[in-house]
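Undergrad: Starting off with a structure, shown below.
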Amino acid sequence: MPRISFLRYLALGVCLFACHRDRGGGGPSASAAPSSRGPAAGAPGECLTQFDFLVPFQKYGEADLIRSIVVDGDQVYFRDMKDLYRVPLAGGTPTVMSKAPELALDGRTTVWVSGDRLLSQSPHEPIFMAAPKSGGAWTTIIDLSREKLGGGRSATNRILHDIGKGSSSATAGSAIFDGVSFYWTERRAGAKGSAPSSSIRTVPLSGGEGRTLYEASGEFGSLAKAGDRLVFMQVDPAPPEPESEKHAAAKKGGIHIAPKGASALWSIPVTGGKAERLVRIANAFGSEVLVTDGPTLYLTGYQDEDFAKPGIFRMAATGGSLERLEPQVLTGTAFLYGDRVVLVGSGRIGTPAPGTIPETGKVVFTGARKGGTLERTACIVGNYTTHAYAVSGKTLLISIFRSDDRLAGIIRVALP
């Protein structure tokens, strides 16, 4: 079987256009209106024919998306490309709180809540910013970048600045925050002819010097905290390529894509130390780690990088066997609620008949945190894309964009 790493090359091109869009296809009527009858109509597991809106469809900027959602008590904060909004969890009219920080190149962003502040990361930099929850400007609170220019620059401006200086800064991956400290990956390009190197770094919210917890050749991703360990994907460097192959591709006028090495999930103590290889897996179009439940991981991708072994899996962060929960790959995320887990994103709807192309869309799976099979709770098909998710109690919030008229909103889905 071909290794899944080949899909990563295609994913690079896809991301230039739509990596920030979690797409689906068929579903509710384009004229679906807000429902006042409680969470979305339809029998459990069926595709929704009616939406229950927290924020009804409307236009943001030049047909922008709702790119991030975070719940704080009885309030929901969300943002589009330029502005940060607040709306009561019970429903109401959204209020603009402030201008929002810049976005990453793929249009993604994360907002965290800490006390009376909202936190965010400057795109692709080890720089963290804060703003009052009551509204106000974003300011830099931690700056571990080389030149200490502060947060707020766009990713494009940062890249152009580096080119103008004739140098290249380390590129920071999307950070995670555990309420006390930030953790992130950094990638440095190798010297000519050598592989890039990556590291995992951390800094407390209170500030101070950043610490490097682990370094290796290759590229890191899908960083998550699982109990007292950090887990991450590592793509090993590929063996050196013959120069003749590069020149042949250049002469044909084609784009030469260098091969990559094996992809595997690794684990290190949260304080740093020896890395342990857990399992070989890859998901070219999304994160392999969906959510962590203490020392337990929920993963998705192709086991052994083999197209014949797709799945959503559960395993321990210290290693061991994979428990396959669902025989398909999910491009999305997951959350814990009560004694259950909810997984949401793009996936297959139903089991296709032999020889047919499977129908895909947005799927919501739920299951017990102790393991076992997953149940499909809801699905969405149609000219809709989804972009951000959050959970409050037994309600899943989904940022949704209707491509027929380019309007965005936030819907609610009841969870069992």
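Where a number appears in this text, it was derived from the coordinates with a stated rule and is not lab data. Everything quoted here is computed from the prediction, not taken from an experiment. When we count neighbours, we look across all protein chains shown, and the Cβ atoms used for this are built from the backbone with ideal geometry, even at glycine.
Undergrad: At what distance in angstrom do the alpha carbon centres of region 307-332 and region 115-157 lie from each other?
TA: 35
Undergrad: May I pose another question? Counting Lys and Arg as +1 and Asp and Glu as -1, what is the net charge of the other residues whose Cβ lies under 14 Å from the Cβ of D116?
TA: +2
Undergrad: Per-residue counts of other Cβ atoms within 10 Å, averaged by peptide: what ranking do you get for 360-369, 303-312, highest first? Don't skip to the answer; put the middle values down first.
TA: Details: 360-369: 21.7, 303-312: 17.4.
Ranked from most to least packed, the peptides come out as 360-369, 303-312.
Undergrad: Could you pull the Rg and Dmax for region 359-416, using just the Cα atoms, both in Å?
TA: Final numbers for Rg and Dmax: 12.8, 42 Å.
Undergrad: Show the residues, 5+ positions off or on another chain, whose built amide H is closer than 5 Å to the amide H of S68.
TA: For S68, whose amide H was placed from the backbone, the distant partners under 5 Å are R79.
Undergrad: Would you mind checking which residues have amide H under 5 Å from A316's amide H? H placed 1.01 Å from N; only 5 or more apart, or other chain.
TA: L297
Undergrad: On to the next question. Give me a comma-separated list of calculated 3J(HN,Hα) values for region 400-416, in order, Karplus coefficients 6.51, -1.76, 1.60 applied at θ = phi - 60°, integers in Hz, x for any Gly or Pro.
TA: Whole-Hz 3J(HN,Hα) from phi for region 400-416: 10, 10, 9, 6, 4, 10, 6, 10, 10, x, 10, 10, 10, 10, 6, 10, x.
Undergrad: Would you pull out the residues with amide H under 5 Å of L105's amide H, same chain only if 5 or more places away, H placed 1.01 Å from N?
TA: It is none; the list stays empty.
Undergrad: Taking R0 as 25 Å, what's the FRET efficiency between S134 and S181 from their Cβ-Cβ distance, rounded to 0.05? Don't skip to the end; give the middle numbers.
TA: Details: r = 25 Å, r/R0 = 1.00.
Approximately 0.50, to the nearest 0.05.
Undergrad: Let me ask something else about it. Taking K and R as +1 and D and E as -1, what net charge do the other residues with C-beta under 12 Å from the C-beta of I349 add up to?
TA: +1
Undergrad: Okay, next question. I want the local charge near S267. Using Cβ-Cβ distances under 12 Å, sum +1 for each Lys or Arg and -1 for each Asp or Glu among the other residues. Walk me through the numbers before you get to the answer.
TA: Values: positive: K225, R229, K274, R277; negative: D228, E276.
In short, +2.
Undergrad: Starting from the Cα-Cα distance between R146 and R188, subtract it from 0.36 nm times their residue separation and give me the gain in nm to one decimal.
TA: Separation in residues times 0.36 nm, less the Cα-Cα distance, equals 13.8 nm.
Undergrad: Under a crude label model (7 Å from the Cα following the beta-carbon direction), how far is D405 from E215 in nanometres?
TA: Output for this residue pair reads 5.6 nm.
Undergrad: Work out how much length D83 to I357 would gain on full extension: take 0.36 nm times their residue separation and subtract the Cα-Cα distance, in nm to one decimal.
TA: Answer, rounded to one decimal: 94.6 nm.
Undergrad: Also: So how much slack lies between S199 and T373, counting 0.36 nm per residue of separation and subtracting their Cα-Cα distance, in nm?
TA: 59.1 nm
Undergrad: Going by average Cβ density within 10 Å per residue, which order do the peptides 55-61, 146-152, 118-124 take, highest to lowest?
TA: 118-124, 55-61, 146-152
Undergrad: Let me ask another. Students often get this wrong: which residues of region 290-326 have the backbone nitrogen under 17 Å from the point 7 angstrom along Cα-to-C-beta of E276?
TA: Correct set: 293-298, 314-323.
Undergrad: What nm value, rounded to one decimal, do you get for the distance between F307 and E46 when each label is placed 7 Å out toward the C-beta?
TA: If labels sit at F307 and E46, their model points lie 3.6 nm apart.
Undergrad: Show me 273-279, 372-378 ranked by packing, highest mean number of other Cβ atoms within 10 Å first.
TA: 372-378, 273-279
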